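Here's the structure, in structure tokens; my notes come after.
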Amino acid sequence: MLVSTSSDVDPGVYYLFDRNSHQLQTFLVKRAELEGITLSHVQPITYPAADGTPIPAYLTLPPGHENAKGLPAIVLPHGGPSDRDDWGFDYLPQFFAARGFVVLQPNFRGSSGYGDAWFQKNGFKSWPIAIGDVLDGGRWLVHEGADPSKLAIVGWSYGGYAALQSAVVDPTVFKAVVAIAPVTDLPALKEQYRHWSNFELASAFIGEGAHVHDGSPLEQADKIKVPVLLFHGGYDANVNIDQSRRMAARLKALGAKCELVTWDDLDHQLEDSTARAQMLRKSDEFLRQALGM
């Protein structure tokens, strides 16, 4: 039998178990380079949304810290939007925690796994609720003592969309935005699926109406007042790279500070060790400069 084990502070180990001899042998250690490195425990918490709704989330504190007081912090919304974060090892929050950031991963309304009422109409059609919950996560971190001048938002895919749209809705909460493979234009997202078998599903999911224009960061770029760092792969079939290219061009035309990093041969997940390491280092450097650390 092949057995896998992991935890929040253990990326995981694969074992081979011989049922006849009852012997367990190590087969493969995931992320062996992290052996001996102190990782951060992931705490399930809730925080209040503006309407009083308790929002479930996961909080990761830097090693050696028991609270957020005086620390820089990051809100890290998940992708999807029909997804959710789970307890366990996740390299993104662990990296930022190791670099000294408090990391909050909110399962905002629009996340899956909490029932229809929580899902709302989904994170695009009900984006004001989802983005409101994300912003309230940032406000909660400040309430818990995190440094309000060193609060950022980082997201991938829908999480990148949430990061940009949060800066549109309230540019005072987060002082820097990192968006990886983000959705920036909802009509363009629908259109990119026109010749795919799921075009009608994607169109129905995003919908029609004022929320499509108002919920597109590209159309509201003039409201973003903080530095933005974008990453995108040229082979991204989930969210076309033009979404980031057009967003960067629009922000630069408006005089905003924006940088776009691309890889021509990578897809939505950026599944390349060198590229991911570059993304992490670049994000850390960008945040430290933008936040004055």
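Some values worked out for this structure:
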quantity	calculated
Cβ pairs under 6 Å, 6+ apart, first in region 251-275 and in a loop (DSSP other than H, G, I, E, B), second basic (Lys, Arg) and surrounded by 13 or more Cβ atoms within 10 Å (Cβ to Cβ)	LEU270/ARG276
Any hit, region 27-39, residues being of a type in the set (A, V, I, L, M, F, W, C), under 30 Å from GLN165 (Cα atoms) and not in a strand (DSSP E or B)	no
Residues of region 109-125 that turn out to be touching a residue at least 12 places away in the same chain (Cβ under 8 Å) and touching a helix residue (DSSP H, G or I) at 6+ places or on another chain (Cβ under 8 Å), as a count	8
ALA163 open to solvent by less than 10 Å² (accessible area, probe 1.4 Å), farther than 18 Å from VAL239 by Cβ and touching a Phe, Trp or Tyr at 6+ places or on another chain (Cβ under 8 Å)	no
From the options ALA162, ALA179, ALA204, residue that is assigned to a helix (DSSP H, G or I), under 20 Å from ASP83 (Cβ atoms) and in contact with a Gly (Cβ under 6 Å, 6 or more places away or on another chain)	ALA162
Filter result (surrounded by fewer than 17 Cβ atoms within 10 Å (Cβ to Cβ) and of a type outside the set (Phe, Trp, Tyr)) within region 113-135	GLY113, GLY115, ASP116, ALA117, LYS121, PRO128
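The values are calculated or read from the model by the stated rules, or taken from the named source; none is laboratory data. Just so it is clear, the model here is predicted, and its values are computed rather than measured. A quick note on method: Cβ atoms are made from the backbone with ideal geometry, for glycine too, and the neighbour counts reach across all protein chains shown. Note: accessible area is taken over every heavy atom of the protein model, side chains too, but ligands, DNA and RNA are not part of it. Shrake-Rupley method; radii C 1.70, N 1.55, O 1.52, S 1.80 Å.
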